[in-house]
Amino acid sequence: MLDNNFAFAVVHSQFPHVGHRLKDHWNEPDFPEVIEELLNPNPKRQGFPRGVLNALRSLAPMHEMEVNYSERLGDQPQLTLNLEH
């Protein structure tokens, strides 16, 4: 999902190292903690421009929706088609 995500593209284009980190953690349970860490002020970093901050904030609920959707699909029976006659 991240490859076609506008919010991710905003972050990755300006901070590729952050984009790679987000990609590494995207379908992992620790993704919300990664976002939280990035959003918290750190005196060792300059901080993010407003557009990047907004993009980072929007990724957390997107991740949650995708994970919840995937989990619900995992509970569904798999349908297969037999096309041989």
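The values are calculated or read from the model by the stated rules, or taken from the named source; none is laboratory data. Source: prediction; values computed, not measured. Quick reminder, even Gly has a Cβ in these numbers, built from the backbone with ideal geometry, and neighbours come from all protein chains shown. Side chains included, ligands, DNA and RNA excluded: accessible areas come from the protein's heavy atoms. Shrake-Rupley method; radii C 1.70, N 1.55, O 1.52, S 1.80 Å.
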message = Would you confirm whether or not region 69-76 contains a residue that is surrounded by fewer than 13 Cβ atoms within 10 Å (Cβ to Cβ), of a type outside the set (Ser, Thr, Tyr) and at pLDDT 90 or above?
response = no
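Given the criteria open to solvent by 100 Å² or more (accessible area, probe 1.4 Å), closer than 20 Å to Asn68 by Cβ and not in a helix (DSSP H, G or I), does Pro29 qualify?
Details: open to solvent by 100 Å² or more (accessible area, probe 1.4 Å): yes; closer than 20 Å to Asn68 by Cβ: yes; not in a helix (DSSP H, G or I): yes.
Criteria met by Pro29.
How many residues does region 1-13 hold that are open to solvent by less than 100 Å² (accessible area, probe 1.4 Å), in a helix (DSSP H, G or I) and not aliphatic (A, V, I, L, M)?
The initial filter retains those residues of region 1-13 that are open to solvent by less than 100 Å² (accessible area, probe 1.4 Å), namely 2, 5, 7-13.
Then keep just the ones that are in a helix (DSSP H, G or I); that gives 2, 7-13.
Filter once more, keeping what is not aliphatic (A, V, I, L, M): 8, 12-13.
Of the residues in region 1-13, 3 are open to solvent by less than 100 Å² (accessible area, probe 1.4 Å), in a helix (DSSP H, G or I) and not aliphatic (A, V, I, L, M).
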Of the residues in region 32-52 that are in a helix (DSSP H, G or I) and open to solvent by 40 Å² or more (accessible area, probe 1.4 Å), the one that is nearest to Phe6 (Cα to Cα) is Gly51
